[in-house]
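The values are calculated or read from the model by the stated rules, or taken from the named source; none is laboratory data. Worth saying up front: this structure is predicted, and the values here are computed from it rather than measured. Here the Cβ positions follow ideal geometry from the backbone for every residue, glycine too, while neighbour counts run over all protein chains shown. The accessibility values were calculated without ligands, DNA or RNA, using every heavy atom of the protein model including side chains. Shrake-Rupley method; radii C 1.70, N 1.55, O 1.52, S 1.80 Å.
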Amino acid sequence: MSKRTKLFLIIFFGLLLLLVGVWIFLQPILNQRSAAPQPPSLQNSTPYVPPSNASNVSRTSTSTLKAPSQPPPINVLVQLQNRAKSLTEQIGSGSSQDGFLGYQDAELNMTSKGQQAIRAEQKVLQQAHPLSGSLYTLSTRAVSSVIISGSAGDLKIIVAVETIQTENAGIAGITPSSSAKRVTVTFLKQSGGGYLADRITQQNVDL
């Protein structure tokens, strides 16, 4: 046997032994992978069914939800009654010291005709009770109000206001006096749909 043949056989058997050794080394790893658990099949899985009372709870929760409540419509007549009381107190309260400025506050809720009328009344009071004289004061409190003519949407609505007015002449030895007055406020409907006071009159009534 030649040296070349012997060398070939030695290399062949060496490679064979190496392959056997590698196979023996890898055998436990291959067995471990084959034994690894596989994910369960989805074909035979049972779908999740929520408890029967879940739908009832959902329906109950939904049924308890309510639409937001709408604000109640504004009652025009009640609004005019309140405005009449406010106007009555404004023009019926003031002093010679401030020139009876309540009349000017009342002008904001009056027609041009009504404004001219109360300006004339204010001027009469200012002349009768000048700033240079003794302090003269008026105080008016609106007790109640009622619609005596007209309905919501009418061109004219009249409100009667019952008031108590206290007058202090500012003279030593003279106590303030009180009197009851019925004030009538006439509102006229404007082009925009709102109402402005066009006339304010008053008369004395018994307490």
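Working only within the range 90-112, note down all residues that are assigned to a loop (DSSP other than H, G, I, E, B) and of a type in the set (Gly, Ala, Ser).
Applying the first criterion (assigned to a loop (DSSP other than H, G, I, E, B)) to the range 90-112 yields 92-93, 96-101, 111.
Those that are assigned to a loop (DSSP other than H, G, I, E, B) and of a type in the set (Gly, Ala, Ser): GLY92, SER93, SER96, GLY99.
So in the range 134-171, with the set limited to residues that are hydrophobic (A, V, I, L, M, F, W, C) and open to solvent by 60 Å² or more (accessible area, probe 1.4 Å), which one is farthest from the chain's Cα centre (by Cα)?
Checking each candidate, the answer is ILE171.
Would the range 175-183 turn up any residue that is over 15 Å from VAL76 (Cβ atoms), touching a residue at least 12 places away in the same chain (Cβ under 8 Å) and touching a helix residue (DSSP H, G or I) at 6+ places or on another chain (Cβ under 9 Å)?
yes
Working only within the range 86-103, note down all residues that are of a type outside the set (Gly, Ala, Ser) and either at positive phi or buried (at least 17 other Cβ atoms within 10 Å of the Cβ) (or both). So that I can check it myself, show each step before the final result.
Going through the range 86-103, the residues of a type outside the set (Gly, Ala, Ser) turn out to be 87-91, 97-98, 100-101, 103.
Residues satisfying the conditions are LEU87, THR88, GLU89, GLN90, ILE91, PHE100, TYR103.
Take ILE147 and tell me if it is in a strand (DSSP E or B) and farther than 18 Å from GLU89 by Cβ. So that I can check it myself, show each step before the final result.
Working: in a strand (DSSP E or B): yes; farther than 18 Å from GLU89 by Cβ: yes.
Against the criterion (in a strand (DSSP E or B) and farther than 18 Å from GLU89 by Cβ), ILE147 qualifies.
Listed here are the residues, each with its yes/no results for (1) within 34 Å of the chain's Cα centre (by Cα); (2) over 16 Å from ILE200 (Cα atoms); (3) of a type outside the set (A, V, I, L, M, F, W, C).
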site	(1), (2), (3)
ALA84	yes, no, no
GLN90	yes, no, yes
SER95	no, yes, yes
ASP98	no, yes, yes
TYR103	yes, no, yes
ALA106	yes, no, no
ALA120	no, no, no
GLN126	no, yes, yes
PRO130	no, yes, yes
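Check whether at least one residue in the range 175-198 is at positive phi, open to solvent by less than 40 Å² (accessible area, probe 1.4 Å) and within 33 Å of the chain's Cα centre (by Cα), and report yes or no. Step through it out loud before you land on a result.
Kept after step one, since they are at positive phi, are these residues of the range 175-198: 193.
Next cut, open to solvent by less than 40 Å² (accessible area, probe 1.4 Å) only: 193.
Add one more test, that the residue is within 33 Å of the chain's Cα centre (by Cα), and what stays is 193.
For the range 175-198, residues at positive phi, open to solvent by less than 40 Å² (accessible area, probe 1.4 Å) and within 33 Å of the chain's Cα centre (by Cα): present.
Condition first: in a strand (DSSP E or B) and either of a type in the set (Val, Ile, Thr) or touching a helix residue (DSSP H, G or I) at 6+ places or on another chain (Cβ under 9 Å) (or both). Now tell me which residues in the range 150-168 satisfy that.
Within the range 150-168, ILE157, ILE158, VAL159, ALA160, VAL161, THR163, ILE164, THR166 qualify.
Taking the range 170-191, which residues are among the β-branched types (Val, Ile, Thr) and closer than 30 Å to SER112 by Cα?
Residues satisfying the conditions are VAL183, THR184, VAL185, THR186.
Quick one: in the range 191-201, which of the residues that are touching a residue at least 24 places away in the same chain (Cβ under 8 Å) and touching a Ser or Thr at 6+ places or on another chain (Cβ under 8 Å) is nearest to SER144 (Cα to Cα)?
ILE200
Mind checking which pairs have a first residue in the range 101-124 that is in contact (Cβ under 8 Å) with a residue 40 or more places away in the chain and within 18 Å of THR184 (Cα to Cα) and a second that is in a helix (DSSP H, G or I) and hydroxyl-bearing (Ser, Thr, Tyr), Cβ under 6 Å, 6 or more apart or different chains?
Every condition considered, the pairs that remain are ILE118/TYR103.
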